[in-house]
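Presented below is the structure to which this report refers.
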Amino acid sequence: MAMWYTIIALVSVIPLSHGVPPCYDLGEHAMKQEVKDQIVQKVIFYSEQPITSVSSVYDCDLEKMAGEILEGPHKYLKFLEEIGIHALPFSISETPGATLYLMTHAALDTWKKHIPKVPFVTFGCNYKENHGAHHYLCLLRYKVDFSS
């Protein structure tokens with residue numbers, strides 16, 4: 001039974017990978033598409049939310065913000081909670097023989113227990129390599145509660 005659930009879940013996520021927005025207008029802040037495809041697909045899968053299209057949840061402005069934060073020397077994240085954004089940072093030193101795919105998988109493996117706990121409306125992520133370290137940042141904008 002669990003195997004069928006996994007197959008159904010993967011089949012439902014595969015078409016979403018084709019709708020990952022390229023965010024062309026971000027210039028130097030645009031994430032490598034191969035990394036973005038891997039991250040976006042898994043964030044949606046781990047979220048356990050009923051998402052019908054990537055374009056409805058992926059936010060290029062959040063990708064840009066994540067890129068700008070990763071470029072800063074201090075990577076200050078505290079202000080994000082104040083504006084309704086949950087940050088998922090991850091850094092890993094370059095390891096001989098490790099591919100970009102494996103390092104991205106390590107980030108996703110760390111995030112997978114946190115993603116379902118944040119009912120986000122939109123999200124955007126970025127990745128930068130700097131001085132032999134790989135830095136990842138996903139920004140999840142909270143679901144807004146208008147009932148109060």
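Bear in mind these aren't lab numbers, they're just calculated from the coordinates by the rules spelled out. Please read these numbers as outputs of a predicted model, since none were measured by experiment. Cβ placement follows ideal geometry from the backbone for every residue including glycine, while neighbour counts extend to all protein chains displayed.
If you scan segment 61-76, which residues turn out to be touching a helix residue (DSSP H, G or I) at 6+ places or on another chain (Cβ under 7 Å) and surrounded by fewer than 19 Cβ atoms within 10 Å (Cβ to Cβ)?
Initial filter on segment 61-76 (touching a helix residue (DSSP H, G or I) at 6+ places or on another chain (Cβ under 7 Å)): 63-64, 67-68, 75.
GLU68, LYS75, listed by residue number.
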For residues in segment 100-143 being more than 22 Å from SER55 (Cα to Cα) and of a type in the set (D, E, K, R), which is surrounded by the most Cβ atoms within 10 Å (Cβ to Cβ)?
LYS128
Taking the options ALA106, ALA87, name whichever one is within 14 Å of HIS134 (Cα to Cα) and within 14 Å of the chain's Cα centre (by Cα).
ALA106
